[in-house]
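> This is the structure, below, for whatever I ask next.
Read-outs throughout are calculated quantities, based only on the coordinates presented, and are distinct from any laboratory measurement. Just so it is clear, the model here is predicted, and its values are computed rather than measured. Every residue, glycine among them, receives a Cβ derived from its backbone with ideal geometry; neighbour counts consider all protein chains shown.
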Amino acid sequence: MGKLLYPLEYAVAWIMVNFHSALTAIGLPSASGWTWALSIVGLVVVIRIILIPLFVKQIKASRGLQLIQPEMQKIQKKYKGKTDPESRQAMTQETMALYKESGTNPLASCLPILLQAPIFFALFRVLNQYVRNSEPIGPLTAQLASEADNSSIFGATLSSTFMSSGSNLNVKIITVVLIILMSASTFTTQRQLMMKNMPASALDNPFAKQQKLLLYVLPLVFAVSGVNFPIGVLLYWLTTNVWSMGQQFYVIRRMPAPGSPAEQALLERKRRRGKLPASDDVVAGELAEPSEETPSAPASGQRQQPRRQNRGKRPSRPASGSSPAGPAGKPTTKPSGKPANPGSTPPGR
């Protein structure tokens, strides 16, 4: 295990030493625990910048997995109780087709965590083995390792743990505070993803219920495991959690899921800035009404009859009891309302 992690351990030590050199160059004390703590923070910044593309994919994949849960439940219900190989294969094929159609990859939702795990354990070994025993590794000389081991923040060295602190109350207090902050940041990050970036329809399924359960289980996991990690590793963990929370807030704000509260908030911000109308039917505070010059659209299935446009001025309507005149001033109809026969001779002639 040590040989497999050695390249990562070397890289972790190299980044820390270079950040330490940069911080001492601007005036921070070389033997100060805060200088080494900021070097660990710098390590987090470098790692998380490298993982930004994967983190964006993680956000989209986690969002997509919850959005397709209704379709997943339909597939599971379709093949419920069928254990024959053909049915299991068909279910797998339909599930993979759903993933491909929605552009969702379950592996992408956990890829950043999987890639950070080796770095996490590499930092653990650097602090727990090389720093604590003052052993050199790459640019981290034995002198620098001893200096880092003797440095402290609030009376606690970065390589000390809760379980090995003995009667050192400072180590215990700092460890508990870091674990609480880690749990709170993880809870906030997960809740932000579920409550703000998911439509209500995607929250009522078994997958969403499992995610809600993790909100309360993860703090317990941190409490049990955190007491065995050095303070420097807990500081790394807390820093990466805070980075994840801020990065996720930015991504959700700019690229919310369709139908989520975050999308509604984005549309509302655009309306306030004038980039969108107040609503779909209201433009500049006035209802959109059909123009007098533009005829309204015909009802569905009804043929629109052509209209003859009047080219001249319409003649005034004649007085009551008179007949309208024809082109030569002759009446076209009799007073009785019967049509006049143009070929007959009027009586009396």
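> Which of the chymotrypsin sites (Phe, Trp or Tyr not before Pro) across the stretch 103-186 are loop residues per DSSP, with 13 or fewer other Cβ within 10 Å?
Loop-located and lightly packed - F154.
> Please state the relative contact order of the stretch 1-160 as a whole percent: Cα pairs under 8 Å, 6+ residues apart?
Normalised by residue count, the contact order of the stretch 1-160 is 33 percent.
> In addition: Can you tally the net charge around G103? Count Lys and Arg as +1, Asp and Glu as -1, for every other residue whose Cβ sits under 13 Å from the Cβ of G103.
Net of charged neighbours comes to +3.
> Debye calculation, C-alpha points only, no solvent: report log10 I(q)/I(0) for the stretch 1-149 at q = 0.18 Å⁻¹, in the same order as the q values.
Scattering profile of the stretch 1-149, log10 relative to I(0): -0.99.
> What nm distance separates the two modelled labels at V217 and E135, each placed 7 Å from Cα along Cα→Cβ?
Each label point lies 7 Å from its Cα, and together they span 3.5 nm.
> Between M96 and L4, what FRET efficiency comes out of the Förster formula 1/(1 + (r/R0)^6) with R0 = 35 Å and r the beta carbon distance, rounded to 0.05?
0.65
> How many nm separate the modelled label positions at N170 and Q264, each set 7 Å beyond the Cα in the direction of the Cβ?
Going from the N170 label point to the Q264 one covers 5.1 nm.
> Pairs K82/K212; K80/K100; K60/K82; K82/K196; K212/K270; K57/K212: which are spaced more than 28 Å apart, C-alpha to C-alpha?
Flagged as over cut-off: K82/K212; K60/K82; K82/K196; K212/K270.
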